[in-house]
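First up is the structure itself, then whatever we jot down about it.
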Amino acid sequence: MSNLYINKSMVLKYNSIFPFNSDLNNKITSLNKKLITKPIFIYDKPLENREKIKKDLNGYSGIYLWYNNHNGKCYIGSGINLYKRISNYYQNTHLRRSYPIINAINKYGLNSFTLVILKLLGKSEEDIRLFRLEREDYYLSTYLPK
């Protein structure tokens, strides 16, 4: 069963699509094999790799996936400015909200997740917004079917 959470700035769908495995390296390898498209970036321990994430993503639009290393659930979202969107997950004010991904981050800690960048769509421009949302819908239906 999957759920859809809608907010003014995000549509987030989550479900468990990868088998749980206690070895993180096996999980990331398994995750990489399960992805239908080759990921652009995979960041283990995103809290420790924040500067690298900022350097790689700042100003780009795209689609991201949070993979929970404890239970195998994944959360897909998108952002016009991908780093700005992802940086919300580092902010205490954002972590007070009640969404499944936020609840999981609060429970397990951000470094218990792997951040996967599924698609980069270019520099932030309003005219790519519709394409970004269409691509997000594609990834939601591909990785988290009904």
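Between a first residue in the stretch 84-102 that is farther than 19 Å from residue 67 by Cα and of a type in the set (A, V, I, L, M, F, W, C) and a second residue that is modelled with pLDDT of 85 or more and surrounded by fewer than 16 Cβ atoms within 10 Å (Cβ to Cβ), which pairs have beta carbons less than 7 Å apart while being 6 or more apart in sequence or on different chains? Once the first residue is farther than 19 Å from residue 67 by Cα and of a type in the set (A, V, I, L, M, F, W, C) and sits in the stretch 84-102, no partner that is modelled with pLDDT of 85 or more and surrounded by fewer than 16 Cβ atoms within 10 Å (Cβ to Cβ) comes close enough. Taken over the stretch 103-126, the residue count meeting the criterion of being in contact (Cβ under 8 Å) with a residue 60 or more places away in the chain and charged (D, E, K, R) is 3.
The values are calculated or read from the model by the stated rules, or taken from the named source; none is laboratory data. Keep in mind that what you see is a predicted model, and the values were worked out from it rather than measured. Counting neighbours? That spans all protein chains shown, and the Cβs are built from the backbone with ideal geometry, glycine included.
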